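The values are calculated or read from the model by the stated rules, or taken from the named source; none is laboratory data. Everything numeric here is computed off the predicted structure, so don't read it as measured data. Cβ coordinates were reconstructed from backbone atoms using ideal geometry, including for glycine residues, and neighbour counts include every protein chain displayed.
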Amino acid sequence: MMAYVVLGSAVALVIFTFLCLFRVVGGPTVLDRIVGVNVVGAKTTVLLVLIGHIFDNVSMFVDIAIAYAMLNFILSIGVTKFFLRRKIARSDGD
């Protein structure tokens, strides 16, 4: 029974991740796209932990999820600083 709940949660996260990708593709500004990518990264981190629970090897997948979350955080800060310094982040791209 618990496996079905975890599997259903994982499927729902995948669906919501694809919905967040619409913000990444069609975001009006660069900052909206960066936030969309960050949300996709957060959902992927949770999905990795759920996959670890499904395969009964949570310890390995938690390590991978933590490394992925740190990489996602550092890259989103770096990209945001890059675009803010170039003054492109607040333009509409027109």
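Taking the conditions exactly as written (more than 18 Å from Ile51 (Cβ to Cβ) and surrounded by 12 or more Cβ atoms within 10 Å (Cβ to Cβ)), does Val25 satisfy them or not?
The answer is no for Val25.
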Check your understanding: Taking the condition surrounded by fewer than 14 Cβ atoms within 10 Å (Cβ to Cβ), assigned to a helix (DSSP H, G or I) and not polar (S, T, N, Q), does Lys87 pass?
Key -> no
**Study point:** Candidates Ile51, Ile64, filtered to the one that is surrounded by 11 or more Cβ atoms within 10 Å (Cβ to Cβ) and touching a residue at least 40 places away in the same chain (Cβ under 8 Å)
**Key:** Ile51
**Study point:** Test for Lys81: is it part of a loop (DSSP other than H, G, I, E, B) and either of a type in the set (Val, Ile, Thr) or surrounded by fewer than 17 Cβ atoms within 10 Å (Cβ to Cβ) (or both)
**Key:** no
Review point. In region 74-94, which residues are in contact with a helix residue (DSSP H, G or I) (Cβ under 9 Å, 6 or more places away or on another chain), among the aliphatic types (A, V, I, L, M) and at pLDDT 80 or above?
Key: Leu75, Val79, Leu84
Check your understanding: Could we say that Leu71 is in a helix (DSSP H, G or I), touching a helix residue (DSSP H, G or I) at 6+ places or on another chain (Cβ under 9 Å) and exposed (fewer than 14 other Cβ atoms within 10 Å of the Cβ) here?
Key -> yes
Review point. Can you find even one residue in region 5-12 that is within 14 Å of the chain's Cα centre (by Cα), β-branched (Val, Ile, Thr) and not in a loop (DSSP other than H, G, I, E, B)?
Key: no
Check your understanding: What residue, of Leu50, Leu31, is of a type outside the set (Asp, Glu), at pLDDT 90 or above and either outside any loop (DSSP other than H, G, I, E, B) or within 19 Å of Ala12 (Cβ to Cβ) (or both)?
Key -> Leu50
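Tally up the residues in region 7-25 that are touching a Lys or Arg at 6+ places or on another chain (Cβ under 9 Å) and under 27 Å from Phe82 (Cβ atoms), please.
The qualifying residues number 5.
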